């Protein structure tokens, strides 16, 4: 088709099923999941072209069209200054809750004051009730345009862009705003590709949240750009600020390699890879990425499947980058080599904003491993030392057991003790009769006092009281004279009475 003077033909992507038009960056229709095709349309036929809105803005033309609506170039009549006006799609505006959410998200974004976030200046409604908001008009190119034109970026320029995007998202996260649809098309480089010190603006906060809640989307389709969607978004799980860290990791991967890590022919094919497939390291994809060193590890940590395995905050991510990248005086950058343990640096120069989790949750195995790695290591010993120590210890224990058993079962001699006072003394042993006395005489003369008693084998030795020590006995009296044999028997003899 010839381009006439009154025609303003724009290249867009349209859906073959529902007929909706989207920007060139879109790949699939969020309303039915169909793949989009490039077409042309005449922007001069737009119903708002040349109209006066609220007596303040004059519509000069269409800047672009996306999943949420159209962006117009308008001029403030009183200030004579150009601005950008973004209006919600008419089909979405018919859902009252989405229109209110659209304005609420814009008001929340306007409350975030940061030099790397596009500033929103005004709100309103079109004559047909479609809500809109006005923001600063940016001159330059999106990061998507720069990547499509020149491929991977030099490491120095890429790091400068990453730091500004992370700073903008960190400021939004601090007030509870999650972007949910980070992609190169929403990173605007003021001044274009010719400017090396890029002035970055992040745009379209809350777009995915508004469209994702629409009842017009097809069942089973999760709205958002699938190539930059986190695994928790793809699975329909709860989303927090770490989804933006994952999306920024995809952008970093693309800046270093010139391509996204996951590609497929269908919407769900891309989402499945986000959930279950690990990305190929950038150094194995592009030759220019082989010199990334520790930056590759930082990129891969941003792309962890579990949110808790990524960086906790954008401040922590920036601190990790500053710890491995050094800017020289002449503008060149030097990157630390790849870490030996294969793990990205987890200690950043900027302390994490959220400290409560460290107080309430026990340390993970990885944290305990990192802490034990910092302790001094003892010198390695021979493998035979511990078995030898065990054998010696067992021998010592056995010797102690034998010694104790021997002491316990050894016979003990009876201790010398005097009989109790109440006990009667045992009778003296019988004395054998002398040779001159007949055997039938039961009475035998007594032995002289100095005669030693003969031991009796039938009596135990314990029945005889031991003599008292000599030192304690009084001097012995002289022995009495021997008495003649008694003519009569002993009265105590039982045979005497017979």
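When residue 160 is tested against the conditions (1) assigned to a loop (DSSP other than H, G, I, E, B); (2) assigned by TED's automatic domain parsing to the domain that holds residue 255; (3) free of Cβ contacts under 8 Å to residues at least 40 places away in the same chain, the lone failure is (1). Quick one: residue 261 ticks every box in (1) in contact (Cβ under 8 Å) with a residue 60 or more places away in the chain; (2) surrounded by fewer than 24 Cβ atoms within 10 Å (Cβ to Cβ); (3) farther than 15 Å from residue 179 by Cα except a single one, so which number is it? If we test residue 261 against (1) in contact (Cβ under 8 Å) with a residue 60 or more places away in the chain; (2) surrounded by fewer than 24 Cβ atoms within 10 Å (Cβ to Cβ); (3) farther than 15 Å from residue 179 by Cα, just (1) comes out false. Just one residue in the set 134, 165, 146 is buried (at least 21 other Cβ atoms within 10 Å of the Cβ) and in a strand (DSSP E or B); that residue is 134.
Taking the condition of being at pLDDT 65 or above and under 23 Å from residue 60 (Cβ atoms), how many residues in the range 1-24 meet it?
Within the range 1-24, the first condition is being at pLDDT 65 or above, and the residues that meet it are 11-24.
Cutting the leftovers down to under 23 Å from residue 60 (Cβ atoms) gives us 11-12, 21-24.
Result for the range 1-24: 6.
For the range 180-210, a residue qualifies if it is at pLDDT 90 or above and surrounded by 18 or more Cβ atoms within 10 Å (Cβ to Cβ), and the qualifying residues are 182, 183, 184, 185, 186, 187, 188, 189, 200, 201, 202, 203.
Test residue 301 against the criterion of being modelled with pLDDT under 95 and surrounded by fewer than 21 Cβ atoms within 10 Å (Cβ to Cβ), and give yes or no.
Values: modelled with pLDDT under 95: no; surrounded by fewer than 21 Cβ atoms within 10 Å (Cβ to Cβ): yes.
For residue 301, the condition - modelled with pLDDT under 95 and surrounded by fewer than 21 Cβ atoms within 10 Å (Cβ to Cβ) - is not met.
Pairs linking a residue in the range 167-181 that is assigned by TED's automatic domain parsing to the domain that holds residue 245 and at positive phi to a residue that is at pLDDT below 90 and outside any loop (DSSP other than H, G, I, E, B), with Cβ atoms under 6 Å and 6 or more positions apart or on different chains, are 180/208; 180/209. Cβ-Cβ distances below 8 Å connect the following pairs, each with a first residue in the range 113-125 that is not assigned by TED's automatic domain parsing to the domain that holds residue 177 and at pLDDT 90 or above, a second residue that is in a loop (DSSP other than H, G, I, E, B) and surrounded by fewer than 16 Cβ atoms within 10 Å (Cβ to Cβ), and a separation of six or more residues or different chains: 124/54.
Of all residues in the range 293-305, how many are assigned to a loop (DSSP other than H, G, I, E, B) and without any contact (Cβ under 8 Å) to a residue 60 or more places away in the chain?
Initially, the range 293-305 is screened for residues assigned to a loop (DSSP other than H, G, I, E, B), giving 293, 303-305.
Next, only the ones that are without any contact (Cβ under 8 Å) to a residue 60 or more places away in the chain stay: 293, 303-304.
Residues in the range 293-305 being assigned to a loop (DSSP other than H, G, I, E, B) and without any contact (Cβ under 8 Å) to a residue 60 or more places away in the chain: 3 in total.
The values are calculated or read from the model by the stated rules, or taken from the named source; none is laboratory data. Computed from a predicted structure; not experimentally measured. Neighbour counts are summed over all protein chains in view; Cβ atoms, including those assigned to glycine, are modelled from backbone coordinates with ideal geometry.
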